[in-house]
Amino acid sequence: MVSIESVTLEVADPTTADRFYTAAFGLGPQLRLRPAVEPTSGFRGFTLSLVVSQPANVNSLFNSALAAGATPLKPAAKSFWGYGGVLQAPDGTIWKITTSAKKDTGPASRQIDHVVLLLGVTDVAASKQFYVERGLDVAKSFGRKYVEFATGSSPISFALYGRRAAAKDAGVSPDGAGSHRLMIDSTIAPFVDPDGFAWGAVGG
């Protein structure tokens with residue numbers, strides 16, 4: 001089974017970005033940073049979600065990220081699915097902090113249960129087929145709207161959504177151009193998908 005071990009974000013200043021992510025989330029080895037080379041503007045076509053166990057943990061991480069310099073896109077609030085909010089890191093990456101729980105069951109903590117990488121793609125069905133041909137197994141699929149892949153014990157889960165829907169969920173315009181500024185570090189051979197998202201080998 002394919003495993004995503006980490007994601008590498010391309011940032012203008014890796015030292016400054018590392019300082020932010022350490023203060024905001026403390027993610028550790030799931031997140032890597034390297035200097036950006038290519039220009040980018042607008043929505044980069046992906047979001048990263050931090051899934052936690054209760055609303056208090058959402059608030060703890062959300063507030064620490066804001067204190068470290070993040071910009072709120074959607075304030076943390078209750079929803080049909082649970083509780084969560086969206087913010088943008090100083091380097092431009094969009095992060096969603098969420099829980100399916102609607103009530104707290106213990107004291108607040110900064111414990112992150114898992115990370116989800118969501119790619120906003122032009123054609124969900126075509127991208128689904130592309131990834132299946134490269135060895136990924138589908139865990140959930142909702143027509144041409146959403147696909148979630150099986151990643152086993154991987155520290156990062158992986159899903160596809162339409163680009164416009166992903167941008168709407170994040171609270172931003174779908175317009176954007178240039179580099180995604182993202183490398184997906186996995187256990188399969190390197191490739192670039194139809195939307196320009198690059199996959200690299202673990203440790204590459």
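Against the test of being at pLDDT below 95, surrounded by fewer than 17 Cβ atoms within 10 Å (Cβ to Cβ), touching a Phe, Trp or Tyr at 6+ places or on another chain (Cβ under 9 Å) and more than 22 Å from residue 79 (Cα to Cα), the options 189, 139 yield a single qualifying residue, 189.
Only residues that are more than 17 Å from the chain's Cα centre (by Cα) and open to solvent by less than 60 Å² (accessible area, probe 1.4 Å) were counted in the stretch 14-40, giving 4.
Conditions first: (1) within 26 Å of residue 79 (Cβ to Cβ); (2) in contact (Cβ under 8 Å) with a residue 12 or more places away in the chain. Residue 134 passes all but one, so which condition is the exception? Condition not satisfied by residue 134: (1). Assessment of the stretch 148-167 against the conditions (acidic (Asp, Glu), part of a strand (DSSP E or B) and open to solvent by less than 20 Å² (accessible area, probe 1.4 Å)) yields no matching residue. If the condition is being within 29 Å of residue 149 (Cβ to Cβ), at pLDDT 95 or above and surrounded by fewer than 18 Cβ atoms within 10 Å (Cβ to Cβ), then the stretch 1-13 contributes only 8.
Just the residues that are assigned to a helix (DSSP H, G or I) and under 23 Å from residue 166 (Cα atoms), please, taken from the stretch 30-62. Explain how you work it out, then say what you get.
Narrowing the stretch 30-62 to residues assigned to a helix (DSSP H, G or I): 30, 55-62.
Across the stretch 30-62, the qualifying residues are 30, 55, 58, 59, 61, 62.
Looking across the stretch 68-90 at every residue that is farther than 24 Å from residue 44 by Cβ and open to solvent by 60 Å² or more (accessible area, probe 1.4 Å), the one that is modelled with the highest pLDDT is identified as 78. The one condition from (1) within 25 Å of residue 36 (Cα to Cα); (2) modelled with pLDDT of 95 or more that residue 148 does not meet is (1). If you check 82, 45, which single one turns out to be without any contact (Cβ under 8 Å) to a residue 40 or more places away in the chain, in contact with a strand residue (DSSP E or B) (Cβ under 6 Å, 6 or more places away or on another chain) and at positive phi? Going through 82, 45 in turn, the sole match is 82.
The values are calculated or read from the model by the stated rules, or taken from the named source; none is laboratory data. Because the structure is a prediction, the values reported are computed rather than measured. All Cβ positions, glycine included, derive from the backbone under ideal geometry; neighbour counts span all protein chains shown. These area figures cover heavy atoms from the full protein model, side chains too; ligands, DNA and RNA do not enter into them. Shrake-Rupley method; radii C 1.70, N 1.55, O 1.52, S 1.80 Å.
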